[in-house]
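The next block holds one structure in the form of structure tokens; read it before the comments.
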Amino acid sequence: MLDSNKDSLKLEAMKRIVAMIARGKNASDLFPAVVKNVACKNIEVKKLVYVYLVRYAEEQQDLALLSISTFQRGLKDPNQLIRASALRVLSSIRVTIIVPIMMLAIKEAASDMSPYVRKTAAHAIPKLYSLDPEQKDQLIEVIEKLLADKTTLVAGSVVMAFEEVCPERIDLIHKNYRKLCNLLIDVEEWGQVVIINMLTRYARTQFLNPNMNESLLEEGNDKTFYGSDEDEDDEEEEEKDKKAEATMAKRKPYVMDPDHRLLLRNTKPLLQSRNAAVVMAVAQLYFHLAPKVEVGVIAKALVRLLRSHSEVQYVVLQNVATMTIKRRGMFEPYLKSFYIRSTDPTQIKVLKLEVLTNLANETNISTILREFQTYIKSMDKDFVAATIQAIGRCATNIGEVRDTCLNGLVQLLSNRDELVVAESVVVIKKLLQMQPEKHSDIIKHMAKLTDNIQVPMARASILWLIGEYCEHVPKIAPDVLRKMAKSFTNEEDIVKLQIINLAAKLYLTNSKQTKLLTQYVLNLAKYDQNYDIRDRARFIRQLIVPTEKSGALSKYAKKLFLALKPAPVLESPFKDRDHFQLGSLSHLLNAKAGGYQELPDWPEAAPDPSVRNVEVKDSVPEWTKCSSREKRKEKKVEKPFYSDSEGESGPTESADSESDSASGSEIGSGIGESGSGSESEESEEGSESEEEEEEEKEEKDKKKIKKELKKPVQESESEQSSEEEERKHERKSKQRKSDSESESDEDDESESESSQSESEDSESEAEVKKKKKAAESKPPSKPVKKETKKEKKEMSLLDLDDFEPAPSPQVTPVSAFLSNSLVTDLEGLSMSDAVLSPAAISPSSALKSYELLHRIRGEGLSVEYCFSRQPFSPDANMVAVQVQFTNNATSETKNLHMEDVKLQSGMRVKEFPEIELLPAGETATAVMGIDFCDSTQAANFQLCTHTRKFFVSIQPPVGELMRPVFLTENEFKKEQGQLMGMNEITEKLTLDAKCRNEHAIVQRVTTAANLSRVPCGSDRECRFAGRTVTSGSLVLATVATKEEGDAQLMVNCEKMVIGTMLVKDIHLALTQ
Amino acid sequence: MIHSLFLINHSGDIFLEKHWKSVISRSVCDYFFEAKEKAVDPEDVAPVLQTPHHYLITIYRGKLFFLSVVQTEVPPLFVIEFLHRVADTFQDYFGECSETVIKDNVVTVYELLEEMLDNGVPLSTESNVLKEMIRPPTTLRSVVNTLTGGSNVGNTLPTGQLSNVPWRRAGVKYTNNEAYFDVIEEIDAIVDKSGTTVFAEIQGVIEACVWLTGMPDLTLSFMNPRLLDDVSFHPCVRFQRWDSERALSFIPPDGTFTLMNYHVGSQNLVAIPVYVKQSISFFESGPCGRLDITIGPKQTMGKTVEALMVKIHMPKAVLCVNLTATQGSYTYDLPTKVLVWDIGRLNPQKLPNLKGSLSLQAGAPKPEDNPSLNIDLKIQQVAISGLKVNRLDMFGEKYKLFKGVKYVTKAGKFQVRT
């Protein structure tokens, strides 16, 4: 049927096969026939074939390879659903040979523009990892990239991958921490669970213990919890809290990290989730992380779960039992919710009992005991036994009711059920041990029971009691021994041992009456079948019967046997279980499960919180502004999530609409951080996050307007400049600034390749927008597109002949310069009216601007230029130079244009379009292109206004003569291998004290030269790659750091002159 | 996470298995069978079992065991909740969740499981999304399919999965736009032998049935939201609005769903609608006992109590019962020892009574404990807590909608101890 042409027949056949698989029958013989249909057009057949394939591919690896090409084709399908499912099946086939293909597919999908595909990629990561753990490093890179993803769809999946592949790499979380906290509420339920659990661990390593100052007192509390006086109740606890607060005030005041607070606040609404797992996850987070006073909120939610399925109840009760030991007050108001119904399954009953016991204190003990009384009548005998034990525990814990309990238990001794009696005896024995002298009548009563009770454990307990307290019952004890001696041979081992003990003890206290009996018992024991008993008998005989041989020991026999024995402590089996993370499998089993991550202890001192600050600002700048951070966070949290429709302009929307519209400009912003210069994201976000920053904008605008010139304020610009303002605020704190810069740069580099294809779409859109807005003529968008396409073909690793950019651009690694163009386009906008912008955007001169014409020489006209590091769209071989004119004079300047260009041979210039009018006090920007022919020769020309001509020249630093390219590590090594010998220039240098970390190095190098970072497995090396603009020769730079700031710089370049100069420049940048 | 899933029927046959990672032999289930053997009641099997190499997490639903195999640390509730979601989905698709139904629809079940989990990690569990990808079988469709060779699998992209409202299908259209809400309250109570209430609380749920075109944004507000002590919501409800205004604001899923669960605090006095006078006693001499139960109305808010039913788990020794009921009928199931007295409507003028003798197994000792009574009842048109829906507003769509609210009170875990 599978060979048939008809889909319906194939479908029928596949259905039968799948039914076979479902029943667990082997259908592997059909493999070849099924695999043929993998390319079938009918979707249902296809799906079933996938099911089959995933099931049997592992067993038939060779044949499975036949299907791979279909999936590879599927990976390029314009439909995201097909791309996703192809990746899903491809990654589910557990065939080791295809690991490289999978790796490639995952990498590609991780930068797919559809969040759904990216989610699938995140799912695929653990699959690949389990297949080949050696890929870990590469996978971590992908995870890192996906962690930065801002869609809620991806967040859950990637954290799952993170937990499975590299849970120890907590550093990857830093910069995404706040984003995760903020997105949490919109992530799907399953993702929430994983993220919350991960964040719990994270918070344990990063924040201080909120109960730090109370911990000492808590130890004191512990004593009262379990100690003998038992007189503390709620009020007292409160008092203690007050005391704790007082001491807290005296000692170093604890201030909760705002991020810690953020986590607690954002998880709290999830207690209202319908998903029990989510509620439990939040509950454990609060239990482990929240200050003591706040933990109470979880009790209500947990009690609600008790209405759920019995399996859920089981797990929740286990956790509640652990919690009640530590924080009893929390559940006391809900005491009655733990009352037991006769219809509950036994295991639930026992757990509820445990909780009730833990909750018992002198205020509620009477109600609890009354409940217990009804439970004892239950039909469920196991439960009754557990109840008796619980009563025993209540009695030990709460002194006042000990007598009542004891009496109650003694009454149970006359119960008809033997199990109940036996259990009571055991418990009574433990209780009596505490104050034996008062209860000799009970002991007498129990002695009588020996005639009736048959349960060995109970008999043994009674015998032990009598032996231990034989002084209180001097008449009965020998009699009991007599009876026991009679039945000795028929007793269980455990009883026999106790008989021997009893005999020995009696012999020592009352040898007159019992001497013969003891001898008799010991003789019986001597010939017992059990070696333990024979052993014991021999030992005791030596000890107690005085002979010449028995040495010093027999003197101490009395001490040995009748020493005062400490009363056993009846404690909960749930004590100390809380060292396992609550809600985890390990906690439930009270044993470490495979893959369990220990919950770390609180750190002594909090690690630097700034790691989150700056980086988050990069990836989620619109949410966490450093100025007035606290306040803004409040607003953000409250407003956007699950807010009503009118307020729904927050991150919720940005995240969601991103996923909605593939080509929306949101996407561009979603990966906004990927630009190569630190300003890229700023500008992009500026345009995108309008709504969110309205409030902020307003206040900032006022300031800004004063500073800026009068030109009408466009939406996006004002946004940007408000951001700039922000930046300026920050820069006041010096350290932060340097951090932020370096971080952002590093970030950008590593991610630049991922987002190219996506930004393409948004780019074109952004361009359209700009054309409308900007006064200057802009390069048409078409050439840019064409060029990018060309570029892609060069770089792509896959055959892309059928590539259609519009519906779903294929993901291909391209150099960072696509987004660059977008950046500068946007940047152009802002520059036209803000003189400050270049400096403001890139304080460490990521874009260094040079003076072309000083305002004094230019009679009021000042001209600056900078290398915008974007491709010059009309001609790819030209370097784009952005020229900025400012008219400082009182009169307007007209007809700004250039003339009389004097160039070295081969060089070309594309002039900027004439600026007809520059009113006084205004600024204008223009872009010109210069082909420097890969040399640092200056381009000289005349700048003309309607009145005057100025001779000016532009000389490029060597670093600007190249454009970044993306290479993988392997490609980089390969290329480097080809550029050895004369093409390789190495220099040793000592790094500047401020730039000994990776970020700083990356930042400085990329500032000095327009290169892109190459991913690298080693953290001691930073690699960069680029191509010269005109000839396209490769430029590879490597900075290898060694101890104490020593480093080696290596540049490989075909053009030796460029190489030498570049080495000089980078050297300078790194040492200063 | 979840490695494999086995479906096991009551008698211990594995009738379906699905593996998301490499195949695990079904012999792992032996550990489970061992535990099941030991347990008296299937409910007593521990939900989490540890075996040398795996962990088995099991749920018991509709006489079926859903047994999942886990190899590494995972929150157990995560798995349990997911398994219940699977069972819910089956119920939703096939109307019930039983062995025969699953066997009949094994391919659909397999497709569903494939969509719900990827590599053991939950993928899409929203029934609206799933229904878009895999259409639930209906008789009409199966006829059409056999005629035309059509398929059950949607070939469209599950757009819901990509939107910010993953629970709602896109492009919904109805000619009649309707939204109905059922406020169902259950009384959980334990009543003492003497008739005093030991413990009582009200658990409520709002079930919604919404057939609305487009993307409506609904707001439901209550007259007396302060009654609600603790709530949990369907993911569609916006927490923020609840916090600030105590109103439910949401974009509803299409079809029926549970909007919210709530709990009315025990500080409010709970009205117990009926009282029970009972006496069950076993004689010391001779293998017999006597039973006498009368039920009367207590606080019924002026409505009639319907569907009244009493269920008694008798002690093991009770062999047979010989009773007379003044109203309704009774049955006694010997193997499970459950006596069910179905009364129906409670007539305040003539109180129903059940009286008669119980005969015990000869020679067995007199059971010392008295069985407790589980009571089931229903009161229409009233929510016993007094909760009232104030109004329902719709935003975002223009058409007029039909709306309705229904109140029902039921007995939840209502137990009378004897």
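Hydrodynamic analysis of the stretch A:881-977 uses the Kirkwood radius over alpha carbon pairs. Inserted into Stokes-Einstein at 20 °C and 1.002 mPa s, it gives a translational diffusion coefficient of 137 µm²/s.
Distance from the alpha carbon centroid of the stretch A:372-409 to that of the stretch A:1016-1054 works out to 76 angstrom.
The fraction of Cα-Cα pairs per 5 angstrom bin, counted from 0 for the stretch B:289-418, comes to 2, 9, 16, 18, 14, 11, 8, 7, 5, 4, 3, 2, 1, 1, 0, 0 percent, rounded to whole percents.
Of B:PHE94, B:PHE78, the sequence from fewest to most neighbouring Cβ atoms within 10 angstrom is B:PHE94, B:PHE78. Derived scalar couplings between HN and Hα for the stretch B:334-342 equal 5, x, 8, 6, 10, 9, 10, 10, 9 Hz in order, rounded to whole Hz, by the Karplus curve 6.51 cos²θ - 1.76 cosθ + 1.60 (θ = phi - 60°), x for Gly and Pro. When both the stretch B:313-328 and the stretch A:174-191 are represented by their alpha-carbon centers, they are found 58 Å apart.
In plain terms, the chain from A:LEU65 to A:LYS512 could stretch by 151.8 nm, reckoned as 0.36 nm per residue minus the Cα-Cα distance. Shape class of the stretch A:417-481 from the alpha-carbon gyration tensor: oblate, with a/c at 1.5 or above and b/c at least as large as a/b.
The residues neighbouring B:VAL191, those whose beta-carbon lies less than 12 Å from its own, together hold a net charge of +4 under the Lys/Arg +1, Asp/Glu -1 convention. Note: the stretch B:202-241, Cα convex hull, 107 Å³ per residue.
Counting neighbouring beta carbons within 10 Å and listing from fewest to most, the residues A:SER414, A:SER157 come out as A:SER414, A:SER157. Across the stretch B:242-341, the convex hull enclosing all Cα atoms gives 218 Å³ per residue. A cut-off of 5 Å between modelled amide H atoms, ignoring neighbours fewer than 5 places along the same chain, links A:THR1030 with A:ASP934. Electrostatic bookkeeping for B:CYS209 treats Lys and Arg as +1 and Asp and Glu as -1; over the other residues with beta carbon under 14 Å from its beta carbon, the sum is -3.
When the C-alpha to C-alpha distance is required to be over 25 Å, the pairs from A:LYS46/A:LYS150; A:LYS974/A:LYS994; A:LYS352/B:LYS193; A:LYS46/B:LYS103 that qualify are A:LYS46/A:LYS150; A:LYS974/A:LYS994. Taking a ≥ b ≥ c as the square roots of the eigenvalues of the Cα gyration tensor of the stretch B:5-84, is the shape rounded (a/c under 1.5), prolate (a/b larger than b/c) or oblate? Rounded shape, in that the Cα axes give a/c under 1.5. In order along the stretch A:198-206, the phi-based Karplus estimate (6.51 cos²θ - 1.76 cosθ + 1.60, θ = phi - 60°) of 3J(HN,Hα) comes to 5, 5, 4, 5, 4, 5, 5, 8, 9 Hz; Gly and Pro are listed as x.
The convex hull around the C-alpha trace of the stretch B:279-321, projected and averaged over every direction, spans 4.2 square nanometres. Normalising the average separation of contacting C-alpha pairs (under 8 angstrom, six or more residues apart) by the number of residues puts the relative contact order of chain B at 14 percent.
The mean sequence distance of close C-alpha pairs (under 8 Å, at least 6 residues apart), as a share of the length of the stretch A:13-162, puts its relative contact order at 16 percent.
At q = 0.11, 0.23 Å⁻¹ the log10 of I(q)/I(0) for the stretch A:106-220 amounts to -0.38, -1.29, computed by Debye summation with a single uniform scatterer per C-alpha, solvent ignored. Projected over every direction and averaged, the convex hull enclosing the alpha-carbon atoms of chain B yields 25.5 nm².
If one takes the longest principal axis of the Cα atoms in chain B, at what angle in degrees, from 0 to 90 and to the nearest 10, does the Cα axis of helix B:76-94 lie? So the inclination is approximately 80 degrees. Seen through its C-alpha gyration tensor, with square-root eigenvalues sorted a ≥ b ≥ c, the stretch A:303-392 comes out oblate because a/c lies at 1.5 or above while a/b is not bigger than b/c. Considering the stretch A:1-115 at the alpha-carbon level, its Rg and Dmax are found to be 14.1, 41 Å.
Counted by neighbouring Cβ atoms within 10 Å, the residues B:LYS388, A:LYS41 run from fewest to most as A:LYS41, B:LYS388. Farthest toward the positive end of the dipole of the stretch A:921-1018, out of A:VAL1014, A:ILE954, A:LEU967, is the Cα of A:ILE954, where the dipole comes from beta carbon charges about the Cα centre. Remark: relative contact order (the stretch B:241-313) = 23 percent; criterion is Cα-Cα distance under 8 angstrom and separation of 6 or more residues.
Readers should treat all values here as calculations from the given coordinates under stated rules, not as data from a laboratory. For clarity, every value in this text was computed on a predicted model and none was experimentally measured. Cβ sites come from the backbone with ideal geometry, for glycine too, and all protein chains shown count toward neighbours.
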